[in-house]
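In what follows, a single structure is set out as structure tokens and then discussed.
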Amino acid sequence: MRFAFPAALFGTAALITAIAPRLDSAQTPTAAQTMSFFITSVGPGDGANLGGLDGADRHCATLAAAAGVTGREWRAYLSATAENGKPAVHARDRIGTGPWYNAKGVLVARDVAHLHSDDNGLGKDGSLNEKGAMVNGRGDTPNQHDILTGSMPDGTLAVDSTDTTCGNWTSNSTGAALAGHHDKQGGGARPTSWNSAHPTRGCSQQNLIGTGGNGLFYCFAR
């Protein structure tokens, strides 16, 4: 005996089949959308002594690997002054060309120009750590929105009469560093800047915490 199914049922089945792949692709980041940007969930724990740029880069790679992202070249978004015959380093020149996605697969910047524009996808909701969690910001306890950069708003080295990089990220005592506000709010000369809000009180872990941070910094995959 043959059964005749209403044509509407075939139409519904076809619609479900057509929609299903789109739902899956929306929920699962593609290879191109794998995490390529994050704020460190923890710093090395020695104030702004990150072991220099190389030590900071290794910290980025270690945290990314622990989060399951391997095979990428990670760079800390940090500037450094010229020393020992080596030229100054600008954070914007260290991180590649983009695009960059956070741990949730959300685009935060298409390229270097977009990253340093007011239209980027950063801020408290977009600037997640490598675990996909939000970082405490203004109004949270404790506030940890100060992110070390040593940079100006355009991503170049911050030059001042005082230290802006805590001795090129080797000091845990004297000096100071320029920090941004990952949540784009707070105080300082540029309170809404994600990378250049104000200097820290010092370079020790205690001073970084006292300013509103915890020795955290941004990491980008090249």
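The values are calculated or read from the model by the stated rules, or taken from the named source; none is laboratory data. Just so it is clear, the structure is predicted and the values come from calculations on it, not from any experiment. When we count neighbours, we look across all protein chains shown, and the Cβ atoms used for this are built from the backbone with ideal geometry, even at glycine.
Kindly provide the set of residues from segment 41-84 that are surrounded by fewer than 21 Cβ atoms within 10 Å (Cβ to Cβ), over 14 Å from the mean Cα position of the chain (by Cα) and hydroxyl-bearing (Ser, Thr, Tyr), ordered by number.
Passing the criteria: Thr62, Thr70, Thr81.
Given the structure, is Pro44 modelled with pLDDT under 95, closer than 30 Å to Asn214 by Cβ, in a loop (DSSP other than H, G, I, E, B) and not β-branched (Val, Ile, Thr)?
Here the answer is no, as Pro44 does not meet what is asked.
All but one of (1) closer than 28 Å to Ser117 by Cβ; (2) out of contact with any Phe, Trp or Tyr (no Cβ under 8 Å at 6 or more places or on another chain); (3) buried (at least 23 other Cβ atoms within 10 Å of the Cβ); (4) not aliphatic (A, V, I, L, M) hold for Thr149; state the number of the condition that does not hold.
In the conditions (1) closer than 28 Å to Ser117 by Cβ; (2) out of contact with any Phe, Trp or Tyr (no Cβ under 8 Å at 6 or more places or on another chain); (3) buried (at least 23 other Cβ atoms within 10 Å of the Cβ); (4) not aliphatic (A, V, I, L, M), Thr149 misses (2) alone.
Looking at segment 111-130, which of the residues that are part of a helix (DSSP H, G or I) and over 12 Å from the mean Cα position of the chain (by Cα) is surrounded by the fewest Cβ atoms within 10 Å (Cβ to Cβ)?
Only one residue tops the list, namely Ala113.
When you scan segment 131-139, do you find a residue that is in contact (Cβ under 8 Å) with a residue 12 or more places away in the chain, surrounded by 22 or more Cβ atoms within 10 Å (Cβ to Cβ) and either of a type outside the set (A, V, I, L, M, F, W, C) or more than 20 Å from Ala76 (Cβ to Cβ) (or both), even just one?
No - not one qualifying residue is present in segment 131-139.
So, Thr141, is that one of a type in the set (S, T, N, Q) and either at pLDDT below 95 or out of contact with any helix residue (DSSP H, G or I) (no Cβ under 8 Å at 6 or more places or on another chain) (or both) or not?
Taking the combined requirement at face value, the residue satisfies it.
For residues that are under 18 Å from the mean Cα position of the chain (by Cα) and under 21 Å from Ala82 (Cα atoms), scanning just segment 176-217, find the one that is surrounded by the most Cβ atoms within 10 Å (Cβ to Cβ).
Filtering first and then ranking leaves Ala177.
Go through segment 155-175 and count every residue that is surrounded by 14 or more Cβ atoms within 10 Å (Cβ to Cβ) and closer than 13 Å to Ser196 by Cβ.
The total comes to 6.
What number of residues within segment 150-162 satisfy the criterion of being touching a helix residue (DSSP H, G or I) at 6+ places or on another chain (Cβ under 6 Å) and among the polar types (S, T, N, Q)?
Summing the residues that are touching a helix residue (DSSP H, G or I) at 6+ places or on another chain (Cβ under 6 Å) and among the polar types (S, T, N, Q) in segment 150-162 gives 1.
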